Amino acid sequence: MSPSSPSNHPPAHLQRAKHEASINRNPHPDFHLVQASRPDWRSEDAGYHASSSSSSSSSSSWTFTKTRDPNWTWGQGGNDNGASLTKDHVEIDPYAQGRPSAFNYKLLISGFVPRPIGFFSTISKDGKSSNLAPFSYTNLVCSDPPMFTVGISGGLQNAKDTLKNLIDTRECVLNMVSEHFIEAANATSINAPPGVSEWTLSGLHAAPSTHVKPARVKESVFAVECKLVDEVKEFESRAKPGRKSGAMALLEGVNFWVREDAVNEDLNMIDPNVLRPICRLGGITYGRVTEGFELLRPDYEKTKASGALDDSTTTATTIATTTQLAGSGVKADALTPTRTKDKL
């Protein structure tokens, strides 16, 4: 729910709508037509049908597979037989003259993937309004103490509701997004005018928290009650100096909530088949996690003792710099850009 804006500025929700339009996030002239042409959602739940044409035989239950190359050996490098080494890279200057800042945004969110979705519930200082919003610039940075970061576009002067509430109350709940309520979570990103509740719009249910005032999302399999640590850091735009383009908050988790059928007896592991996390990719694309594989973290002394390491893999080498590569005749992507037009 958005607070009122000063009379000399457009309402905050209209400003954000204008900004969203400038990004041109949706690549489809008719999204609903494209959506209708795609296969139905695959679900292992025989009682679930996305449409009349859905089939319970389209299973997507959590599965463990082997790693891509179970026979990988030390010093081998990639597992694609060198195919990736035959491809050149394009060098892109994020501050090249004429390059819109929105290009960097679209490039980064399509390259730094998958990203977890932090679904934040906050409450206003007077306790009269609450907010619910998803942010994919969210991550875990420490476990002792439990620490999280969240990045929010825009600055403090015209802060989004989540950021304003977080600064005013220094409290929030970080809810993780799962398959069974992804549409509702996405709906809360709407640029709602003052007086409209994202809880009501989405139909999601509030559940009481213990150590913070904001409610947690009952549908969320995993939720963390959080408190703001230190002050929010603002970032200044390079494209438009003087304008604050983003802010970062550091949060400490003070209480955990896990659905009882998702956590083990030791309360230290969440079942991915129950959590069914949704991640953000580029543009308007989301991803689901239905497969996994396991890899052991190697121990150097044990691996060496086993004979898996030989002199060629244990001899120290000097890291090749751009200058050294140029002098050696080895092709360096940075020295031979193949698409200079991408710098524009």
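Below, the figures for the structure above:
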quantity	calculated
Label point 7 Å beyond Cα of ARG25 along Cβ direction - residues of the range 146-166 with amide nitrogen under 12 Å	153
For peptides 86-92, 108-114, 293-299, 151-157, sequence by mean Cβ density within 10 Å, most packed first	151-157, 108-114, 86-92, 293-299
FRET efficiency estimate (nearest 0.05) - Cβ-Cβ, GLU231 to TRP72, R0 45 angstrom	0.45
Dipole magnitude of the range 234-302 about its Cα centre (Cβ charges: Lys, Arg +1; Asp, Glu -1), debye to nearest 20	800
Spin-label model distance (nm) - ALA83 vs VAL254, 7 Å beyond Cα toward Cβ	5.1
Where the range 152-211 is the region considered: accessible area per residue in Å², 1.4 Å probe	44
Cα gyration tensor, the range 132-186 - rounded (a/c under 1.5), prolate or oblate	oblate
Karplus (6.51, -1.76, 1.60) ³J(HN,Hα), θ = phi - 60°, over the range 258-269, in Hz, Gly and Pro reported as x	10, 4, 4, 7, 9, 10, 7, 5, 7, 6, 9, 8
Extension gain (nm, one decimal) between ASN191 and ASP261, 0.36 nm per residue minus Cα-Cα	21.7 nm
Label-to-label distance, nm, for residues given as MET147 and THR65 (7 Å Cα→Cβ offset)	3.7
Normalised contact order of the range 195-297, rounded percent, pairs of Cα under 8 Å and 6 or more residues apart	18
Gain in span if fully extended, THR210 to GLU294, counting 0.36 nm per residue against the direct Cα distance	26.7 nm
The range 115-285: C-alpha pair distances exceeding 23 Å, %	38
Extended-chain gain in nm, criterion 0.36 nm per residue less alpha-carbon gap, ASP93 and ASP271	59.9 nm
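The values are calculated or read from the model by the stated rules, or taken from the named source; none is laboratory data. Quick caveat, the model's predicted, so the values are computed rather than measured. Here Cβ is always computed from backbone atoms with ideal geometry, including for glycine, and neighbour counts include all displayed protein chains. Only protein heavy atoms, including side chains, enter the accessible area calculation; ligands, DNA and RNA are left aside. Shrake-Rupley method; radii C 1.70, N 1.55, O 1.52, S 1.80 Å.
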